[in-house]
1. Could you work out the local net charge near Ile281, counting Lys and Arg as +1, Asp and Glu as -1, over the other residues with Cβ closer than 15 Å to its Cβ?
2. For the chain, what relative contact order do you get, as a whole percent, if you take Cα pairs closer than 8 Å and at least 6 residues apart?
3. With θ taken as phi - 60° and the coefficients 6.51, -1.76 and 1.60, list the Karplus ³J(HN,Hα) couplings across segment 108-123 in order, rounded to whole Hz; mark glycine and proline as x.
4. Starting from the Cα of Lys111, step 7 Å toward the Cβ, then list every residue of segment 180-214 with an amide N under 14 Å from that point.
5. Per the helix-only calculation at 222 nm, which mean residue ellipticity applies to the chain, given -39500 (n - 2.57) for every DSSP H run of n ≥ 4 and division by its residues, nearest 500 deg cm²/dmol?
6. So which of Lys19/Lys76; Lys141/Lys226; Lys76/Lys208 end up more than 26 Å apart, counting from Cα to Cα?
7. Would you list Asp128, Asp247, Asp279, Asp225 from the most to the least accessible area, probe 1.4 Å?
8. What GluC sites (Glu not before Pro) in segment 114-223 are in a loop by DSSP, with at most 14 other Cβ atoms within 10 Å of the Cβ?
Amino acid sequence: IPPKDDNPSILNTKGFPNKLILLGGLSDGPLPCPYTSSLEQKCHELEWSLVQPILSSSYLGFGHGSLSRDTGEICKLMNYLVCHHDAEKFALVGHSTGCQNSIHFLKHGEKDLIDRVSACVLQAPVSDRESQTLSPGDHAKHLTYAKQLVSQNKGEDFMPRESFWAPISASRYVSLFDIGGDDDFFSSDFLDAELLERLGHVGKLNLKLLAVYSGSDEFVPSWVDKDLLLKRLVWAMNKNNTGEKFDDKRECDKVESDPVATGLFLESANHNLSEGDGDIIRFVNAVGALLK
């Protein structure tokens, strides 16, 4: 969404040189969250343009997609914005599965484009694997069948109707719901070393990252300690991490001089920040602070 220039009848199609790319979750398209318009206003206040791409994985396209395909398309988008819209610097804001997109891009994207990213926000970085336990169905049976298809080089075959609420290939089913699948970044049952393996690359980058977790996220099981999980995710992404095991008390007491990752816990917020009083304002202001 480019800003208007001084003449309200003329639209500045190039926008500002700083571009914030908003990446939604499964089945999302443009305007994926109720905070989108507020985020747009904050971007324009700080001279950033808000970009809302439609990827091949948008809407129901995720069912036959992958994070690798998404990262390739995000790279194409960024290169287009650099060449045709004078983009100089980028920020990523991922919602839900958009968080997986952001983390994957920061490891597997084109290096010169990663170097242009100054800020990244993960809003609702939840585990699809753990979220699936909240829905009815014989998930173990479906996962076994999906893994069987993948082992037979039939990963692009689609799963039975009863396995999921949307059309989905066997390979994407495994990616989302198997332990250690390609989409499995944020599960609470990961050991410290497993979190470091998935998230540790963030701490080596020259950017700032904000992880935002909702205390009343309806897609997170009640047995997950959300506040503790947020602390562990932030710990794994920080550049000053020495590889030692996470210690809740030590991490709370320790003040890093220049952390890559910080956390924001919104205790009353739901998954997309549509219900908690004042959550959108707190979130958008926190994003704005990261963009300054």
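1. With Lys, Arg at +1 and Asp, Glu at -1, the net is -4.
2. Relative contact order, the chain: 18 percent.
3. These are the phi-based 3J(HN,Hα) values: 10, x, 5, 4, 5, 7, 4, 5, 7, 7, 9, 8, 9, 10, 10, 9 Hz.
4. 205-206
5. Details: 11 runs with 108 residues, N = 292.
My calculation for the chain gives -11000 deg cm²/dmol from helical runs alone.
6. Where the Cα-Cα span goes over 26 Å, the pairs concerned are Lys141/Lys226.
7. So the residues, ranked largest to smallest area, are Asp225, Asp247, Asp128, Asp279.
8. Passing both the DSSP loop test and the Cβ count: Glu156, Glu218.
The values are calculated or read from the model by the stated rules, or taken from the named source; none is laboratory data. Keep in mind the model is a prediction, meaning the values are calculated, not measured. Cβ atoms come from the backbone with ideal geometry, glycine included; neighbour counts cover every protein chain shown. Just so you know, the surface numbers come from the protein's heavy atoms only, side chains and all, with ligands and any DNA or RNA stripped out. Shrake-Rupley method; radii C 1.70, N 1.55, O 1.52, S 1.80 Å.
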